[in-house]
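These notes are about the structure you will find just below.
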Amino acid sequence: MPGEVPTLLARRDGLLAVHKPAGWLTHADGATDRPDVVAFLGAGLGVHMRLDVDTTGVLVFSTDPAGAQRLQAALEGRAARKRYLAVVEGAPPADEGVLEGPVPRAPGRPATTRYRVRRRGDGWTLLDVRPETGRTHQIRAHLAAAGCPLRGDGVYGDPLDLRAPRVLLHCARVDLGDDLRFEAPPPADFARYLGHPPAATRAALLADAGTTCYRLVHGAADGWPGVDVDRYGDWLLVHQADGAPLPPLPPARGVYLLETLQDRSHGGQPLPRLVQGEAAPDWIPVAEHGTRLRATLGDQLSTGLFLDQRPQRAWLAQHAGGLRVLNTFAHAGGFSVAAARAGAQTVSLDLSPAWLARVPLQLADNGLDPAPHDCIHGDVFAWLPRLARRGERFDLIILDPPSTSTGPRKKRWSAARDYPELVALALPLLRPGGCLWTVTNHRATPAHRFARKVAEALPEGSTLERACPPPVDYPVDGPFPVKTLWWRVPG
């Protein structure tokens, strides 16, 4: 989560041990602007071991020549023992074993990894892992070669079917002998794999005063099949399928229940109804990592805010400065508001004037002048060619259409069938080297098929920069239904 920094575990005998969070480099790589532990801790540290940017846990440095000699001798003489926790897709070939074989990042050098199954789940396994050698990416490569890549690993696993926001690998303990042992507790994203309740997985969200809307319970992955519970400020929205048992609910000013139908293709889905506490106002003030937004409960199926896109809005709020952004199928404009916070100029395009009317209100809620941000009410498919004829160009175009829709011309559009047409309409509006975000929540379209469909319409040389994983409050044990792909399109 934003704001996590390395924490001190111990300082003794010329050694300094810290707990490295995800997203931090061990030391600067000279190629990115990611934070690094060495710069954070200050000069004068000796680097003898490293953890990948996504890997969390114990990292030990030397602080003087004696410590450097002790640490290096332990690592080279194999007196050092490292213990990792790893969540893998599927399962290894046996309950415990030894993995050997080549590691791509250390060709020709022997590598040995021992593992033991700790806990099994629905499509995943939690392992205790002990590498006997220290090759770069050794654990990741060995587990992938055994048919069980680390969950969230887009390098050695499936880059389009990521089921965690990061590679789920944690260095839990480093034992250097002579009573020199350093331990780091597993971070929150390991909580559900260890059998802890849903709140443990969401500890950072619960503690973040700048985030007041997220999913508290996500169905079977959190132990409650058929039930989702969302928080919107002081109110809860409970999705319940087929009378599934409900989990204990935290205190709230009001609780709305949405009894979801198995088949909604023919309509008839009832609206949420208040079942506990007081009714929500016309709009509820909520926040995501400091971005102020508005949600609606009770009088329609949509709240105006799709919580599963929170990480993408957080990215925009940090990195969209100076960009011109076209947000199509904008709904209530969550992407636009987040981008505007960073200093972007936005255009929000949607068929609903009622939802678009919320965009300037939310901009004002964030202390932003709505004037530089346009809202266009109309059919996206008609407006994209019109904007192109006007010479409009954008650095980032977001395509987030419904799975199916019927426009003003009564044409039935399907994401599964017609997405390349939408991409082709958007491309003339993209500046050279611009970025295209393609999104679909069509459950019957797997990620690989969706990527192929989009790629059909992209010019040669386009690259997939990112396949967005599910956020931490939407744990999944199968393919995530919302596919969000970021493409870089050449000039």
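The values are calculated or read from the model by the stated rules, or taken from the named source; none is laboratory data. Note that the structure is a prediction, hence the values are computed from the model and not measured. Here the Cβ is made from the backbone with ideal geometry for all residues, glycine too, and neighbour counts use every protein chain on show.
What the table below lists for this structure:
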item: Of all residues making up region 321-333, the number that are in contact with a Lys or Arg (Cβ under 8 Å, 6 or more places away or on another chain) and closer than 23 Å to ARG431 by Cβ; result: 2
item: Set VAL88, VAL60: member being assigned by TED's automatic domain parsing to the domain that holds ALA172, more than 24 Å from GLY152 (Cβ to Cβ), at pLDDT 95 or above and of a type in the set (Val, Ile, Thr); result: VAL60
item: Test: residue in region 67-74 that is loosely packed, with under 14 Cβ neighbours inside 10 Å, of a type in the set (S, T, N, Q), at pLDDT below 95 and over 25 Å from PHE480 (Cα atoms); result: yes
item: Cross-chain or 6+ apart pairs with Cβ under 8 Å, region 78-96 first and touching a residue at least 60 places away in the same chain (Cβ under 8 Å), then surrounded by 20 or more Cβ atoms within 10 Å (Cβ to Cβ) and of a type in the set (Phe, Trp, Tyr); result: LEU85/PHE190; ALA86/TYR115; VAL87/TRP124; VAL87/PHE190; VAL87/TYR193; VAL88/TRP124; GLU89/TRP124
item: Out of SER405, SER336, SER348, sole residue that is over 28 Å from THR211 (Cβ atoms), surrounded by 15 or more Cβ atoms within 10 Å (Cβ to Cβ) and of a type in the set (S, T, N, Q); result: SER405
item: Check on TYR474, in contact with a helix residue (DSSP H, G or I) (Cβ under 7 Å, 6 or more places away or on another chain) and over 30 Å from ALA188 (Cβ atoms); result: no
item: Helices (runs of 4 or more DSSP H) (entirely within region 128-209) containing at least 2 residues that are touching a residue at least 24 places away in the same chain (Cβ under 8 Å) and in contact with a strand residue (DSSP E or B) (Cβ under 6 Å, 6 or more places away or on another chain); result: 138-145
item: Residue list for region 44-96, restricted to those being aliphatic (A, V, I, L, M) and in a loop (DSSP other than H, G, I, E, B); result: LEU45, MET49, LEU51, VAL53, ALA79, ALA80, ALA91, ALA94
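Here is a yes/no grid of residues against (1) outside any helix (DSSP H, G or I); (2) touching a Pro at 6+ places or on another chain (Cβ under 6 Å); (3) loosely packed, with under 15 Cβ neighbours inside 10 Å:
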{"position": "TRP437", "(1), (2), (3)": "yes, no, no"}
{"position": "ARG443", "(1), (2), (3)": "yes, yes, yes"}
{"position": "PHE450", "(1), (2), (3)": "no, no, no"}
{"position": "ALA455", "(1), (2), (3)": "no, no, no"}
{"position": "PRO459", "(1), (2), (3)": "yes, no, yes"}
{"position": "GLU465", "(1), (2), (3)": "yes, no, yes"}
{"position": "PRO475", "(1), (2), (3)": "yes, no, no"}
{"position": "LEU485", "(1), (2), (3)": "yes, no, no"}
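Yes/no per residue for (1) over 23 Å from ASP400 (Cα atoms); (2) free of Cβ contacts under 8 Å to residues at least 60 places away in the same chain; (3) surrounded by 22 or more Cβ atoms within 10 Å (Cβ to Cβ); (4) in the same structural domain as VAL229 (by TED's automatic domain parsing):
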residue: LEU293; (1), (2), (3), (4): no, no, yes, no
residue: GLY298; (1), (2), (3), (4): yes, yes, no, no
residue: ALA344; (1), (2), (3), (4): no, yes, yes, no
residue: ALA357; (1), (2), (3), (4): no, yes, no, no
